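All remarks here apply to the structure that follows.
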Amino acid sequence: GRYRFGPGRVARSIKTDLRVALPDPKAALGVLRNVAAARRGDFGKDPYYTFDWIMDLAEQRGQPHTFYVFGGRSDPRFDAKYDTDHPWTRRMLRDFHQRGHHIGLHTSFHTFLDGHRAAAELANLKAVCAQEGIEQERWGVRQHYLRWRSPVTWRHLDNAGADFDATMGFADRAGFRTGACVEHAVFDLRQRRTLSIRERPLVAMECSIIDPCYMGLGVDDGRAWECFATLRQRCHRYGGDFTLLWHNSRMQDPRERALFERLCLEDQEG
């Protein structure tokens, strides 16, 4: 396969399990078992494979989710280690589509200033989806690490043929970066024209609220839930959309997993 399982990457993961995140030798052995299973093509043992559970939650409320998938790599330090046309990725894309969810492009690290690369990555994802019989009316994009420059990034995505962008949120603080919670038109100030692409504002990202390097509200005393719930209520008060970004890799901590589940299932007016 074309997944990257270099010895250095595996060693770093084991070191983390032994010394930092999970001081349990069984966790380190689990890394080796997961790598061995992945080499055999069994990615279901990957602890980050939380997609079925996420889709189950979404379908309980009849709310399709959008899954943003990488279409290429521009920096090996930061980008995903999978290939878009790998058989397992194709199977995952089919699962998203067959269960009624949406697929978007998760751009690579340097695309926010590189229109040619952004267009190539979107074209690559669309081509793979077309080969799998996946058709969508609209294709959205989210930038890696929410990297953004106005109006260049919008212009590049517009030229690439994206229908909407879902990047415009604050990385270090949840809130309304564009001053709105509804999808809206965008304007290129330099070229003095309205673009075809629309913005679907990002209201909250899990790490923005939880992580110490940002708002640092944690998950133990209810402050994170209060922040998420307040933002959601504000969006609904004005007939908007509470656009939430939650990474599939942030489901290992049972407290964070429970918080995401509560956001998905609890009554939206609650």
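Data for the structure
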quantity: Residue order for K45, K81 - accessible surface, 1.4 angstrom probe, largest first; calculated: K45, K81
quantity: Solvent-accessible surface (1.4 angstrom probe) belonging to V152, in square angstrom, nearest 10; calculated: 20
quantity: Accessible area in the full protein assembly, largest first, 1.4 Å probe, for D188, D221, D95; calculated: D221, D95, D188
quantity: Alpha-carbon centroids, the stretch 126-194 and the stretch 90-107: separation in whole Å; calculated: 18
quantity: Trypsin sites (Lys or Arg not before Pro) lying in DSSP loop within the stretch 185-240, provided at most 15 other Cβ fall within 10 Å; calculated: R190, R192
quantity: Estimated FRET transfer efficiency (L189, H110; beta-carbon r; R0 22 Å; 0.05); calculated: 0.40
quantity: Cleavage-rule hits, chymotrypsin sites (Phe, Trp or Tyr not before Pro), the stretch 177-250, DSSP coil, Cβ neighbours within 10 Å at most 12; calculated: Y238
quantity: Sequence-distant residues sharing a close amide H with L105 (under 5 Å, placed H); calculated: V69, G140, V141, R142
quantity: Gain upon complete extension [S196, Q233; 0.36 nm per residue less C-alpha separation]; calculated: 10.3 nm
quantity: Stretch gain in nm, segment A127-E261, where the contour uses 0.36 nm per residue and the Cα spacing is subtracted; calculated: 44.9 nm
quantity: Exposure of S150 as accessible area (Å², to 10), given a probe of 1.4 Å and all protein chains; calculated: 70
quantity: Rounded percent of accessible protein surface that carbon and sulfur make up, the stretch 164-270, 1.4 Å probe; calculated: 47
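The values are calculated or read from the model by the stated rules, or taken from the named source; none is laboratory data. Not measured: the values here are computed from a predicted model. Neighbour counts are summed over all protein chains in view; Cβ atoms, including those assigned to glycine, are modelled from backbone coordinates with ideal geometry. These accessible areas exclude ligands, DNA and RNA; they are computed on the full protein's heavy atoms, side chains included. Shrake-Rupley method; radii C 1.70, N 1.55, O 1.52, S 1.80 Å.
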